[in-house]
Amino acid sequence: IFPSCIIVSLLAFIYYKYKNVSVLQGILLSLRPAVVALIAGAGISLLRTVAVGEEALLPENVNWLGIVLFAAAFIVLRKWKWNPILVMLLCGIANLGIRVILGNV
């Protein structure tokens, strides 16, 4: 079994060499909706995990702070195009700070 870095490098080489071939462009265009669907599915799954975790979807089980931070991060990432790692770090700091202030640590 090849290490993944060799496979990725090989795929990058093939793409670079044949990137102007119309068949390859057609294949890549047909993959785009699938990639968008996978990313959207992951986002929805993450939102559900943030909102209620493993518990039932009931109003008393909802993590409202998590939902607010999720929405804020989404807006910051889409509107201002901040670095995702920075946004994750800031959300973690905000979550910890708010929980310390509220005494929910």
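The values are calculated or read from the model by the stated rules, or taken from the named source; none is laboratory data. Note that the structure is a prediction, hence the values are computed from the model and not measured. Because the Cβ atoms are built from the backbone with ideal geometry, glycine has one as well, and the counts that use them run over all protein chains shown. To get the accessible areas, we keep the full protein, side chains included, count just its heavy atoms, and leave off ligands, DNA and RNA. Shrake-Rupley method; radii C 1.70, N 1.55, O 1.52, S 1.80 Å.
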For the stretch 27-100, give the magnitude of the charge dipole about the Cα centre (Cβ charges: +1 Lys/Arg, -1 Asp/Glu; no others), in debye to the nearest 20. 420
For the stretch 70-105, state which chymotrypsin sites (Phe, Trp or Tyr not before Pro) are in a DSSP loop and have at most 14 other beta carbons lying within 10 Å of their beta carbon. W82
Would you mind telling me which residue in G92, G26, G41 has the biggest mean-square fluctuation in a Gaussian network model of the chain, where springs connect alpha carbons within a distance under 10 angstrom? G26
For the stretch 100-105, Karplus-derived ³J(HN,Hα) couplings (6.51, -1.76, 1.60; θ = phi - 60°; whole Hz; x for glycine and proline) come out as 5, 4, 7, x, 9, 6
Of S45, S22, S30, the one that fluctuates the most in a GNM where the chain has Cα springs shorter than 10 Å: S22
Considering only DSSP states other than H, G, I, E and B, which trypsin sites (Lys or Arg not before Pro) in the stretch 3-65 qualify as loop sites with at most 10 other Cβ atoms within 10 Å? K19
Accessible surface, per residue, of the chain when the full set of protein chains is kept, probe 1.4 Å, Å²: 84
Under a crude label model (7 Å from the Cα following the beta-carbon direction), how far is Y16 from V68 in nanometres? 4.8
For the stretch 1-57, diffusion coefficient by Stokes-Einstein and Kirkwood Rh (Cα), 37 °C, 0.692 mPa s, µm²/s: 228
Quick one: Debye curve from the alpha-carbon atoms of the chain only, equal weights, vacuum; give me log10 I(q)/I(0) at q = 0.10, 0.14, 0.19 Å⁻¹ to two decimals. -0.51, -0.81, -1.06
